[in-house]
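In what follows, a structure is listed as structure tokens, so that the remarks can point back to it.
The values are calculated or read from the model by the stated rules, or taken from the named source; none is laboratory data. Source: prediction; values computed, not measured. Quick reminder, even Gly has a Cβ in these numbers, built from the backbone with ideal geometry, and neighbours come from all protein chains shown. Ligands, DNA and RNA are stripped out before the accessible areas are found, and what is left, the full protein with its side chains, is counted by its heavy atoms. Shrake-Rupley method; radii C 1.70, N 1.55, O 1.52, S 1.80 Å.
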Amino acid sequence: MAFNGHYELHSQENFVPFMKAIGLSDDLIEKGKDKKSTSEIVETGDHFKITVTTGSRVLVNEFTIGQETEVDSPTGEKVKAIINREGNNKLVAKIKNITSVTEITGDQMVNAMTVGDIVYKRISKRIS
């Protein structure tokens, strides 16, 4: 149960280029670039519920490892994805043209999303 907990966004890299690459408008990028978010992860065996709160926006995705599910993408659209686990501390997903890798190391969660040659990295710290 390496993922269970609450995490707060500590830093991010390449937010603007990544969001432009996936088609977000300049207005939405500007509004979102400095917002901090918190994530709650509930891991029950192979089932996950991830709640991300950014300002007043709450995004909830639930999935079971290895099974196709519908998730909200970074653009807000619902897309089909399969999330796989690598070891005890890494989740890998392919969501449309985005590869997402989330890894827990100690009290830190790093999520790297790649589209083309742009890697958007989010580093969060466990707060509980």
Here is a check on your reading of the model: is THR54 loosely packed, with under 15 Cβ neighbours inside 10 Å, over 20 Å from ALA2 (Cα atoms) and within 14 Å of the chain's Cα centre (by Cα)? yes
Here is a list: LYS94, LYS35, LYS90. Which entry is within 22 Å of HIS10 (Cβ to Cβ), in contact (Cβ under 8 Å) with a residue 12 or more places away in the chain and open to solvent by 80 Å² or more (accessible area, probe 1.4 Å)? LYS35
With the requirement that a residue be charged (D, E, K, R), surrounded by fewer than 16 Cβ atoms within 10 Å (Cβ to Cβ) and not in a loop (DSSP other than H, G, I, E, B), what does region 97-125 give you? LYS125
State whether one or more residues within region 7-15 are of a type outside the set (Asp, Glu) and either free of Cβ contacts under 8 Å to residues at least 24 places away in the same chain or more than 26 Å from ASN89 (Cα to Cα) (or both). no
Would you call GLU30 in contact with a strand residue (DSSP E or B) (Cβ under 9 Å, 6 or more places away or on another chain) and among the acidic types (Asp, Glu)? no
Residues satisfying the stated conditions in region 9-47, i.e. over 19 Å from MET113 (Cα atoms) and in a strand (DSSP E or B): VAL42, GLU43, THR44, HIS47
Test of understanding: among LEU24, LEU59, which residue is of a type in the set (A, V, I, L, M, F, W, C) and either more than 24 Å from ARG126 (Cβ to Cβ) or buried (at least 17 other Cβ atoms within 10 Å of the Cβ) (or both)? LEU24
Out of the residues in region 62-87 that are among the charged types (D, E, K, R) and modelled with pLDDT of 90 or more, which is surrounded by the most Cβ atoms within 10 Å (Cβ to Cβ)? ARG85
